[in-house]
Structures are given as structure tokens and as C-alpha cells.
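Colleague: Just dropping this structure here.
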Amino acid sequence: MSNLYRRINVGSRFQAEIPPVRDTLYMLYEEHPAQLVWTPWKDLSTNTETQQRVKELLDMCCSSLLPGGGTNLEFALHCLHEVQGNIMAALDLILIRGDFRTTWHPLNDYHYTGSDHWTVQEMKVFKKALVEHDKDFQQIHNVMQTKSIAQCVEYYYNMKKLKKFKQCVRASNKKDEGGEISAFKFSEEHKP
């Protein structure tokens with residue numbers, strides 16, 4: 001180990017090769033591949049009434065008023081962008097939640113966090129698998145068979161935020177006198 005010493009590598013063979021700068025006029029004629037998916041429209045930054053209506057829409061999208069227990073904020077903002085800020089038209093798109101985008105749309109195959117539908121049976125199986133396998137999502141996926149590993153991980157972290165889910169998992173670590181796991185009694189009493 002005494003042979004090791006620090007040194008600075010100097011010379012062309014230790015340097016990155018930087019390509020020559022392209023003519024900046026090319027940038028004027030090239031189309032950038034990025035797609036705009038959200039931009040504030042006309043009076044959003046100045047009109048307090050519009051700001052309030054948008055805030056109310058976004059609050060509603062995070063509530064249980066909508067099918068599936070609430071919609072993603074990102075999806076709501078994308079819908080608002082699609083309809084140039086028309087609140088009612090955006091609400092229609094949010095409620096449709098189907099294939100309103102064409103196949104060439106840049107967000108056609110985009111996955112919104114928390115947008116997967118889970119049946120009551122899938123939730124029960126997930127909780128049981130979580131108790132048995134802790135956070136081994138590969139094993140949970142093997143038990144689930146209807147959801148991918150990524151969907152299981154996403155569901156866990158989305159549900160972890162809910163107080164009832166945390167209580168359910170904590171309770172699952174305790175066994176009651178009959179040998180049944182308490183979490184399942186809890187989940188039956190407090191269905192989402």
C-alpha cells in the first residue's frame with residue numbers, strides 16, 4: 001500500500017474530447033423533440049377568480065368525489081392544458097378517464113402515479129402478502145399475480161400515507177387470542 005500515491009493525470013489522453021461547436025443558425029431551423037404538456041393560460045396569473053376556480057378543481061381532484069378515490073393533480077393539470085383552461089371541459093376529461101388522447105399524443109402512454117385501479121379483493125391480498133413478506137415486493141407480486149412489481153411498490157407508498165393503512169399494518173404484527181391476524185379484522189371494519 002505504500003506504492004499508492006495521488007497524482008494528477010495530465011495530457012490529452014486523460015481529457016475529454018469536445019466536439020466542435022455547431023453553427024447556431026441550425027438551431028433556428030431544427031424542431032425540438034420536447035412536447036409542451038402544461039402552461040398557464042391567459043389570465044391565470046392575474047385573475048384571482050380563475051385562480052380560485054383552478055384551486056377548487058385541483059382540490060376536488062384529490063378528494064374521493066371522483067371515481068377511484070381521487071385523481072392525480074398532474075393529470076388534472078394536463079387536462080386543463082388540453083382544453084386551454086376551460087374548467088368544465090377539464091372536469092369532463094377527468095371524469096372520462098379513458099382514451100381521449102390520440103395514439104400520437106406525447107402523453108398517450110404516460111403513467112400517472114396513483115392512477116391504477118385496485119379491487120377490494122386485490123387490496124386484501126396485498127395486505128395479507130405485505131404481512132407475510134414485509135416489503136419484499138417480488139414476493140408480494142408473486143402472490144398478487146394481477147399487479148406488476150412497480151404497481152405493488154407504488155400502491156404501498158401511496159397507501160402508506162394514509163393513517164388507517166399504517167394502523168392496519170402495525171396491527172397485523174400483533175396476533176389476537178384466536179390466532180387470527182388483527183389487521184384483517186381492522187380492514188374489514190374500515191373498508192376504503
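Colleague: Given K127/K147; K42/K161; K127/K161; K55/K135, which pairs have Cα atoms separated by over 24 Å?
Modeller: K42/K161; K55/K135
Colleague: Within the set of other residues whose C-beta is less than 11 Å from the C-beta of A129, count the net charge using Lys and Arg as +1 and Asp and Glu as -1.
Modeller: Around A129, the charge tally is +1.
Values quoted throughout were computed directly from the atomic coordinates according to the rules given, and no laboratory measurement underlies them. Remember, it's a predicted structure, so these values are computed and weren't measured experimentally. Note: ideal-geometry Cβ built from the backbone for every residue, glycine included; neighbour counts use all protein chains shown.
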